[in-house]
Amino acid sequence: MRRGNLAAVGVLATVALGALLASPDATCSGGGLVEAAEGSGVATGVALSWHGLTEDKDYASILIKDASLVTLENASKWSTIHHQAGGAPDYQRMDALVDFAEDHDLAVKGHPLVWDEHVPAWLPPDLDPARFQALHDAYVAGVVGRYAGRIAAWDVVNEWIEDDGQPSGAPWFSRLGTDFGPRVSRRVQALDPKAKLFYNDYAIEWDNQRQRGVLDLLQGWRAAGVPLDGVGIQGHMVAGLSPSRAQWRQAIQRFAALGLEVHLSELDVRASHLLGAEFGRELARAQAFYDAVSACVDEPACTTVIFWGLTDRHSFMNRHDPQAEAPTLRDRQGQPRASWYAVAAALRRQPWPACAASVLPALAQPTTAPVDLSAVLAEGLDWRISATPAQAGPAELLLRIARPGRSPRFASLGQSTGPGPILADLRLERLPTRLDAGETELGLVARSPGGDPLALAAVDLRPRCDGGG
Ligand code: G3I
């Protein structure tokens, strides 16, 4: 955001974010999320990446601080193990990753045995279904059998339900036959009786047709005695549009009611669509993580949270959606982001640190100049403002929205008959104007009922944390 001649807060974002990160309740004494999770009843995991482990010298040391479990991000997929046309299976990467995990006492989740996006590219699209099934059976027998006793859990079926709640019509699912889920589950149980078996899917944290479709599917499996221990709710989230803690809890409870263990299995957060200050976008991402992980800690059936990418350098978003912006808990250098501290607080059953104090420092003196919020505010969050005029009496609080070359506009936020602070809630997306990325100045001002400027003596701004968050 461009700096103007408003009451200076140029360094605010740095100061306030630093204060958040340094919150004594939120920090770990040099430890990682594994330490923060102690006593929470929830294990933390990350997607284990071959490229991360082999190309980033800091990867392993960070990983073992944050994870007691790893999901094999790609190494156990059909297309990885059978990447050579007609060739022998290649277990080189999976061998190395499972060895690494065992060397560091990390439980391993294999992922996923059935998914239409990882069919080997060399398989002819018109392959006869019987041959297709035989090849898939050989893949399952090979990979499950080879690592039997070493894999804590398998994602057996991934993403089989569509948005309308119906089973996927993807050609290769149908080539496996409609009962492939139960059939593969039974085979995996026979090959590796100790491994827990999971169904894994996305967008089922919402009360929607997709969630109902998965609930119906798994209820049917349970009724038919199909081996199944749990469900993975992936949790690829969008900041500002992510479920509240209450919504997460409801979703977890619905799957728990089927007698299933629940993992939040692929957590990350996108925020590229949000306009406003990087500071606010960072908090919007952190809130999404905080609500998801808190809900898991709240619910006994939810045992594990798995982050999809150890650091921003290792997120699949770098290929999938390069604009995604900081989707993981750590930046590209491996340093914890506000999201990491939010997760640490959630695991410790502590309030989200961002709600504990104002993100603004105290005003040096009462001022009629707009209190600049440009370095702080962004879309994606509900903000709570408490602004105290210097003198008692009726007052109105306004947000001043200024763009270069245009007269400022004002949005009324709240009024008070005084004395005491004016309380106001603010969500930038709800303003009758759109922000120009990087161009708009946002300031707080107060006026008398007659329109005269009133000095503000104090402004407290923080994310609203009472909405189920
Ligand atoms: O490892 C090879 C590399 O050797 C090769 O040079 C390069 C050339 O393209 O490809 C590399 O493999 C890529 C791999 O990621 C590792 O980076 C694959 O092309 C690419 O398709 C693969 O994408 C993965 C994607 O699933 C598809 O399998 C992502 O890493 C992985 O994060 C993503 O994860 C999925 C979950 O399995 C299921 N839920 C959704 C989630 C996100 O899509």
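Let's see how each residue does on (1) among the small types (Gly, Ala, Ser); (2) closer than 30 Å to Val269 by Cα; (3) out of contact with any Asp or Glu (no Cβ under 7 Å at 6 or more places or on another chain):
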position	(1), (2), (3)
Ala364	yes, no, yes
Ala369	yes, no, yes
Pro408	no, no, yes
Gln415	no, no, no
Ile422	no, no, yes
Pro432	no, yes, yes
Gly451	yes, no, yes
Leu461	no, yes, yes
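Pairs, please: C-beta under 8 Å, at least 6 apart or cross-chain, first residue touching a residue at least 40 places away in the same chain (Cβ under 8 Å) and in region 251-272, second of a type in the set (Ser, Thr, Tyr) and assigned to a helix (DSSP H, G or I)?
Final answer for the pair search is Val269/Ser339.
Which members of region 250-273 meet the condition of being at pLDDT below 95 and touching a Leu at 6+ places or on another chain (Cβ under 9 Å)?
Within region 250-273, just His273 meets the criteria.
Every residue in region 175-207 that is without any contact (Cβ under 8 Å) to a residue 40 or more places away in the chain and not aliphatic (A, V, I, L, M), please.
Residues satisfying the conditions are Thr178, Asp179, Arg183, Gln189, Pro193.
What's the number of the only condition in (1) of a type in the set (D, E, K, R); (2) assigned to a loop (DSSP other than H, G, I, E, B); (3) surrounded by 14 or more Cβ atoms within 10 Å (Cβ to Cβ) that Arg400 fails to meet?
Every condition holds for Arg400 apart from (2).
Assess whether Asp179 counts as being over 30 Å from Asp105 (Cα atoms), surrounded by fewer than 18 Cβ atoms within 10 Å (Cβ to Cβ) and within 16 Å of the ligand (Cβ to nearest atom).
The answer is no for Asp179.
When region 108-122 is examined, which residues are found to be aliphatic (A, V, I, L, M) and buried (at least 19 other Cβ atoms within 10 Å of the Cβ)?
The answer is Val108, Leu113, Val114, Val119.
If Val140 passes every condition in (1) within 15 Å of the ligand (Cβ to nearest atom); (2) crowded, with 17+ Cβ neighbours inside 10 Å but one, which one does it miss?
(1)
Within the set of pairs 6 or more residues apart or between chains, which connect a residue that is under 17 Å from Ala36 (Cβ atoms) inside region 304-328 to a residue that is of a type in the set (A, V, I, L, M, F, W, C) and within 12 Å of the ligand (Cβ to nearest atom) with Cβ atoms less than 6 Å apart?
Correct list of pairs: Phe307/Val46; Phe307/Leu267; Leu310/Val46.
Looking only at region 49-61, decide whether some residue is within 15 Å of the ligand (Cβ to nearest atom), in contact (Cβ under 8 Å) with a residue 12 or more places away in the chain and in a loop (DSSP other than H, G, I, E, B).
yes
The values are calculated or read from the model by the stated rules, or taken from the named source; none is laboratory data. Bear in mind that the values here come from a model prediction, so they are computed numbers and not experimental data. Methodologically, a virtual Cβ is constructed for each residue, glycine included, from the backbone with ideal geometry; neighbour enumeration extends over all protein chains shown.
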